[in-house]
Amino acid sequence: MRKALRSLLALTMLVGTVGTATAATAAEPEATSAATGTTDIKDRLLSIPGMSLTEEKPYPGYRFFVLRYTQPVDHRNPAKGTFQQRITVLHKDVSRPTVFYTGGYNVSTNPGRREPTQIVDGNQVSMEYRFFTPSRPEPADWSKLDIWQAASDQHRIFEALKPLYPRNWISTGGSKGGMTATYYERFYPRDMDGVVAYVAPNDIVNKEDSAYDRFFARVGTEECRDRLNAVQREALVRREPLKEKYEALAAENGYTFDTIGSLDRAYEAVVLDYVWGFWQYSTLKDCADIPADAKNATDDEIWTSVDTVSGFSFYTDQGLAPYTPYYYQAGTQLGAPTIRFPHIEAEYIRYGYQPPRNFVPRSIPMTFQPSAMRDVDTWVRQNARHMLFVYGENDPWGAEPFRLGHGARDSYVFTAPGMNHGANVAGLVAEEKAFATARILEWAGVASAAVQADPAAAKPLAKYDAKLDKRDLRREATLRP
């Protein structure tokens, strides 16, 4: 009886939040600024049912809020309970457009501005992806971690905040965040006025990954490929002495290997990530740092090169734990790459590129849904509107990109020459850079008459801020976009 009452109470509270969010935020709350007579943005944010403040951090020209928002664990059945989802708001002015950003993982609690936000000189709302701590239901029902539920999280946040920020909205994200922005558009195509998806993988058929093998056969230069391949092979040839270093590292730091199964499995996983990791995070000029003669390099030189690129701490239990939600999704909907290593004899490879199942605790059940990515791909090809996809020429994750079909309108796919997983609009060739910037300004409703007449005149509306626009490319894992 008590359980039934709790469920009914939870449903009543959540329905009240869902049903009244728009009305509550549209009305002016009582608190006003004595200096201006206008409502303070913090008060307006906190007038949204289910919204609470964690902290406000100052930044010149902005207000920055770290917030928690009550979300249903299951958008199809709100009676199943709620969780607190962390979001941030970088507030500039309600008269400016708003960029809705997610990286697909945790959200930063420090002020930061994504490229589209700088381009349109607007506000930015950033969402932590569900099931990344602390935005994880307790207890966690992992079956509720899917792309539709996450898109529905974004939809509810948008509906709650749109009355406060009534101008145009642009969604964006990089890597898994670019995928997230795309999935959000697929399920809620009426919410956003435009989408800018950076380096978003599109694994339509999970079992067909030959595109990655073709990529690694031609990326960069032959000299660089040969250096990387030789170091990778040598690390497997010297498995036993280098594993002794790994065992010492694990003992010193208390690393364990229950999830992946053994230190030996973790060692091979790190080594097989080496070439992928280099191209994901580095550029051609960085080949100068790779040992030129792997066979005659010392054990320390081989170890240091692999550790610098791949990171021997990652496939430990401690390294994998923060990314359990990603690997769960990779093994249930997103798919994951499998690549071949023609430069390494079979006798040196014991496990191969391991599947996401090996990186998720066995207590969490996983079943792959092969139709999920095909559905999104088909929708993008036939229905994309105001969508921009940006890829890096030397980024492995771009080997399987999104493509546009005859049904797409005012949508584009561009590739930044020589760039890696950090590719952006600024890295495109001059004509494409200006054109992409002009389209973003147009979708945001802030393109000047001069830009509308000549896209070549398009430039970001906000000046570059070295601190606010700093971009930190993740280096933790290469089987993770």
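The values are calculated or read from the model by the stated rules, or taken from the named source; none is laboratory data. On a predicted model such as this, the values are computed, not experimentally measured, just so you know. Glycine gets a Cβ as well: all are built from the backbone with ideal geometry, and neighbour counts include every protein chain shown. Just the protein is used for accessible areas: all its heavy atoms, side chains included, with ligands, DNA and RNA removed. Shrake-Rupley method; radii C 1.70, N 1.55, O 1.52, S 1.80 Å.
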Worksheet item: Of all residues in the range 442-458, which are under 13 Å from residue 387 (Cα atoms) and open to solvent by less than 50 Å² (accessible area, probe 1.4 Å)?
Response: 443, 444
Worksheet item: Are there any pairs with C-beta distances below 6 angstrom linking a residue in the range 84-104 that is of a type in the set (Phe, Trp, Tyr) to a residue that is surrounded by 21 or more Cβ atoms within 10 Å (Cβ to Cβ) and part of a loop (DSSP other than H, G, I, E, B), with the two at least 6 apart or on different chains, and if so which?
Response: 101/114
Worksheet item: What is the residue count in the range 385-429 for residues that are of a type in the set (A, V, I, L, M) and touching a residue at least 60 places away in the same chain (Cβ under 8 Å)?
Response: 8
Worksheet item: Got a sec? Which of 72, 49 is touching a helix residue (DSSP H, G or I) at 6+ places or on another chain (Cβ under 6 Å), open to solvent by 30 Å² or more (accessible area, probe 1.4 Å) and at pLDDT 95 or above?
Response: 49
Fill in: Residue in the range 262-277 that is least open to solvent (accessible area, probe 1.4 Å), counting only those that are among the charged types (D, E, K, R) and in a helix (DSSP H, G or I)
268
Practice prompt. Scan the range 341-354 and give yes if some residue there is free of Cβ contacts under 8 Å to residues at least 60 places away in the same chain, touching a strand residue (DSSP E or B) at 6+ places or on another chain (Cβ under 7 Å) and open to solvent by 20 Å² or more (accessible area, probe 1.4 Å), otherwise no.
Written response: no
Worksheet entry | Sole residue being over 16 Å from residue 208 (Cβ atoms), in contact with a helix residue (DSSP H, G or I) (Cβ under 8 Å, 6 or more places away or on another chain) and either surrounded by fewer than 18 Cβ atoms within 10 Å (Cβ to Cβ) or at pLDDT below 95 (or both), chosen from 407, 392 | 407
Worksheet item: Within the range 74-93, how many residues are in a loop (DSSP other than H, G, I, E, B) and under 23 Å from residue 64 (Cβ atoms)?
Response: 2
Response to the item:
Expected output for the range 287-306 (first residue farther than 16 Å from residue 277 by Cβ and in contact (Cβ under 8 Å) with a residue 60 or more places away in the chain, partner open to solvent by less than 80 Å² (accessible area, probe 1.4 Å) and in a loop (DSSP other than H, G, I, E, B), Cβ below 9 Å, 6+ apart or cross-chain) is 297/291; 299/238
Item to complete: List the number of the failed condition for residue 288; all other conditions in (1) closer than 18 Å to residue 397 by Cβ; (2) of a type outside the set (Val, Ile, Thr); (3) outside any loop (DSSP other than H, G, I, E, B) hold.
Response: (1)
Worksheet item: Given the conditions (1) in contact with a helix residue (DSSP H, G or I) (Cβ under 8 Å, 6 or more places away or on another chain); (2) touching a residue at least 12 places away in the same chain (Cβ under 8 Å); (3) farther than 17 Å from residue 181 by Cα; (4) not small (Gly, Ala, Ser), which single one is not true for residue 432?
Response: (1)
Fill in: Selection count, the range 231-249, where residues are aliphatic (A, V, I, L, M) and open to solvent by less than 10 Å² (accessible area, probe 1.4 Å)
4
Discussion item. Of a type outside the set (A, V, I, L, M, F, W, C) and under 27 Å from residue 91 (Cα atoms): is that true of residue 424 in this structure?
Written reply: yes
Discussion item. Residues that are within 19 Å of the chain's Cα centre (by Cα): list the helices (runs of 4 or more DSSP H) wholly contained in the range 148-261 that include at least 3 such residues.
Written reply: 176-187
Discussion item. Can you say whether residue 206 is within 30 Å of residue 368 (Cα to Cα), in contact (Cβ under 8 Å) with a residue 12 or more places away in the chain and among the polar types (S, T, N, Q), as far as the supplied structure shows?
Written reply: yes
Worksheet entry | Flag for residue 411 being of a type in the set (Ser, Thr, Tyr), within 30 Å of residue 61 (Cβ to Cβ) and touching a Leu at 6+ places or on another chain (Cβ under 9 Å) | no
Worksheet entry | Residue check for residue 336: within 18 Å of the chain's Cα centre (by Cα), open to solvent by 10 Å² or more (accessible area, probe 1.4 Å) and either within 30 Å of residue 402 (Cα to Cα) or in contact (Cβ under 8 Å) with a residue 12 or more places away in the chain (or both) | yes
Practice prompt. Among what's in the range 90-116 and is among the β-branched types (Val, Ile, Thr) and surrounded by fewer than 24 Cβ atoms within 10 Å (Cβ to Cβ), pick the residue that is farthest from residue 171 (Cα to Cα).
Written response: 109
Discussion item. Taking the condition of being assigned to a helix (DSSP H, G or I) and either among the polar types (S, T, N, Q) or at pLDDT below 95 (or both), how many residues in the range 294-328 meet it?
Written reply: 6
Worksheet, complete the sentence: When every residue in the range 364-374 that is open to solvent by 60 Å² or more (accessible area, probe 1.4 Å) and not in a loop (DSSP other than H, G, I, E, B) is compared, the one nearest to residue 331 (Cα to Cα) is 371
Item to complete: Determine if the range 129-140 includes at least one residue that is modelled with pLDDT of 95 or more, assigned to a loop (DSSP other than H, G, I, E, B) and aliphatic (A, V, I, L, M).
Response: yes
Practice prompt. Please give the number of the condition residue 193 fails out of (1) touching a helix residue (DSSP H, G or I) at 6+ places or on another chain (Cβ under 9 Å); (2) open to solvent by 30 Å² or more (accessible area, probe 1.4 Å); (3) closer than 18 Å to residue 305 by Cα.
Written response: (3)
